[in-house]
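J.: One structure, pasted below without further comment.
The values are calculated or read from the model by the stated rules, or taken from the named source; none is laboratory data. Model, not experiment: these values are computed from the prediction. FYI the Cβ positions are ideal-geometry reconstructions off the backbone, even for glycines, and counts take in every protein chain you see. These accessible areas exclude ligands, DNA and RNA; they are computed on the full protein's heavy atoms, side chains included. Shrake-Rupley method; radii C 1.70, N 1.55, O 1.52, S 1.80 Å.
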Amino acid sequence: MMLRFKILLRHLLSIRFANVLLLMRLRGNRTQGLFIPQGKCYLGIHPNAQLHVEKGVFFLSKFMRKPEPYVGVLKMGDAATLMVEDDFIIYPGHHIVVMENATLRLGSGYINRNARIHCFQEIVIGKGVAISEHVTLWDTDAHAIIGKESTMTQPIRIGDHVWIGANVTILKGVTIGEGAVIAAGSVVTRSIPPYCLAGGVPAKVIQENIQWK
């Protein structure tokens, strides 16, 4: 409890007063965790949405050294859920939308600047992840091809200790296995096995049995 108070006190001046008021009425379990929206961050949260921080600190729009010009956005619809398991940082410029009844799960790690995450059903991000700048995750096509409406929206799952390079796009129904690396600029349309380096448009396995740090 004392550690959480010290962390909050250290970042108190960087938290917007309007966001503090919203946090006071935001549903969810944060008895063991801490949510700190920092910098320029717009929160559009439905009264029935829930934010759970199981432990650690969840930073939203955290600037690295000094305030940045990028504005972050978090929108959550009716009965939307954002689950954070442990320490997680999302840097400025993000545009995150969790639609009605959808669930976004974050393990631990970080997502760098200007991420685009649109969750219509479920997106799961594991522990120890490193996600670079300008990454896009959409678990839906948003529009349906006639006759294939049932496949329009499918969950995205990113395993533990995954590194995703800059300007990567990950589309619906994709699972990225534990320890995998996705090269910068890739478009991931199909699942990637664990401990593989994948890249290209569309992304394909380039090398197997890799490790990264």
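J.: Which of the residues belonging to the stretch 140-156 are of a type in the set (A, V, I, L, M) and on the phi > 0 side of the Ramachandran plot? Steps first, answer last, please.
T.: First pass over the stretch 140-156, keeping only residues of a type in the set (A, V, I, L, M): 142, 144-146, 152, 156.
Across the stretch 140-156, the qualifying residue is only Ala142.
J.: Which of the residues that make up the stretch 152-180 are more than 14 Å from Ile125 (Cα to Cα) and not in a loop (DSSP other than H, G, I, E, B)?
T.: If the condition is that a residue be more than 14 Å from Ile125 (Cα to Cα) and not in a loop (DSSP other than H, G, I, E, B), then Thr153, Thr169 are the ones that fit.
J.: Still on this model: Assuming Asn167 fulfils every condition listed in (1) in contact with a Phe, Trp or Tyr (Cβ under 9 Å, 6 or more places away or on another chain); (2) open to solvent by 50 Å² or more (accessible area, probe 1.4 Å); (3) in contact (Cβ under 8 Å) with a residue 24 or more places away in the chain apart from one, which condition is it?
T.: Asn167 satisfies every listed condition except (1).
J.: Might you let me know whether the stretch 139-151 holds any residue that is open to solvent by 50 Å² or more (accessible area, probe 1.4 Å) and modelled with pLDDT of 95 or more?
T.: Checked the stretch 139-151: no residue is open to solvent by 50 Å² or more (accessible area, probe 1.4 Å) and modelled with pLDDT of 95 or more.
J.: Starting from residues that are outside any strand (DSSP E or B) and either closer than 19 Å to Leu104 by Cβ or in contact (Cβ under 8 Å) with a residue 12 or more places away in the chain (or both), keep the ones in the stretch 129-151 and report whichever is farthest from the chain's Cα centre (by Cα).
T.: Ranking the candidates gives Thr151 first.
J.: Could you list, in sequence order, all residues of the stretch 51-99 that are closer than 22 Å to Arg25 by Cα and out of contact with any strand residue (DSSP E or B) (no Cβ under 9 Å at 6 or more places or on another chain)?
T.: The answer is Asp78, and nothing else.
J.: Can you tell me which residues in the stretch 178-209 are surrounded by fewer than 18 Cβ atoms within 10 Å (Cβ to Cβ), within 24 Å of Glu85 (Cα to Cα) and touching a Pro at 6+ places or on another chain (Cβ under 6 Å)?
T.: Glu178
J.: For the list (1) open to solvent by 60 Å² or more (accessible area, probe 1.4 Å); (2) under 18 Å from Leu104 (Cα atoms); (3) touching a Lys or Arg at 6+ places or on another chain (Cβ under 8 Å), I need the number of the one condition that Arg157 fails.
T.: With respect to (1) open to solvent by 60 Å² or more (accessible area, probe 1.4 Å); (2) under 18 Å from Leu104 (Cα atoms); (3) touching a Lys or Arg at 6+ places or on another chain (Cβ under 8 Å), Arg157 is out only on (3).
J.: Just one of the numbered conditions (1) surrounded by fewer than 19 Cβ atoms within 10 Å (Cβ to Cβ); (2) aliphatic (A, V, I, L, M); (3) farther than 16 Å from Asp160 by Cα is not true of Met99; which one?
T.: Here Met99 clears every test but (1).
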